[in-house]
Structure formats: structure tokens, C-alpha cells
Amino acid sequence: MASGSDAIEVEANCREIDLSPTLFAAIVTGSEVERKKPAPDIFLEACARLGLEPAAWLVIEDAVNGVRAAKAAGTRCLALTTSFLALTGSPRISPTHPRSHWRGSRHGG
């Protein structure tokens, strides 16, 4: 796992979804790299720790800067558009999604 968050936040997020950090062969956090996303450092460090070439990776990202970082690292990238604004600035999350924050949406108030 390569997350721009610090270790405390990564651990809390894993606990929140009942995901044990021990499932990952390596976890690299934002506090372990000098340059943050969109620099590729976090993904390159994760590749190095696992002894894998970046081209062997599929990065799953939910942030524009994360997609940029993945591409700059030379990995393939699957961009999720459920939680960030696309480069055009238009929201991609459904207004009926349970975690929607759109004003006037069924769930987001």
C-alpha cells in the first residue's frame, strides 16, 4: 500500500474498514518520502521495497495528484472518480451515493 497519508491515518483507515495492515507486503506512507504526490516518490519507494518494476504495478487512485504520481512513476493506473473532481472540475459522484456531499442530494443534505 502506498498512501500519501501519515501512518496514524493509514492505520485508522484500515481499522475503519476492518482491513489488517498485515495483509500488505509493504506500506509506504506520505511521511516516509520527501516529495508528495504528484511526484512519483511514494510509488517508486513501494516498488523498491517489493523489488518490482513500476510497469508491473496497477495503482488504484482516487485523487488527481495520485493519478499524476502513478503515471510519472511509470505504473498503470486505475482512477476512481467516486471521490474527487475530474480534471474538468465536474463532480463524478452520484447524487444518490450514500456518502454524497452534494447539497440537496438525497443523502448529503
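FYI, it's all coordinate maths here, none of it is from the lab. Because the structure is a prediction, the values reported are computed rather than measured. Don't worry about glycine lacking a Cβ; one is built from the backbone with ideal geometry, like all the others, and counts go over all protein chains shown.
Each label was represented as a point 7 Å from its Cα along the Cα-to-Cβ direction; for GLU9 and ALA55 these points are 3.3 nm apart. Loop-resident trypsin sites (Lys or Arg not before Pro) (DSSP state other than H, G, I, E or B) in region 9-89 with no more than 12 further Cβ atoms inside 10 Å of their Cβ: ARG35.
Grab the other residues whose beta carbon is less than 11 angstrom from that of ILE27, score K and R as +1, D and E as -1, and report the net.
-2
Under the criterion of Cα pairs below 8 Å and six or more residues apart, the relative contact order for region 24-80 equals 34 percent. Note on region 2-79: with charges restricted to the Cβ of Lys and Arg (+1) and Asp and Glu (-1), its dipole about the Cα centre is near 340 debye.
Less than 15 Å Cβ to Cβ from LYS37, Lys/Arg counted +1 and Asp/Glu -1: what total charge do the surrounding residues give? Net charge in that neighbourhood comes out at -4. The three principal axes of the Cα atoms in region 2-79 give end-to-end lengths of 30, 24, 24 Å, sorted in falling order.
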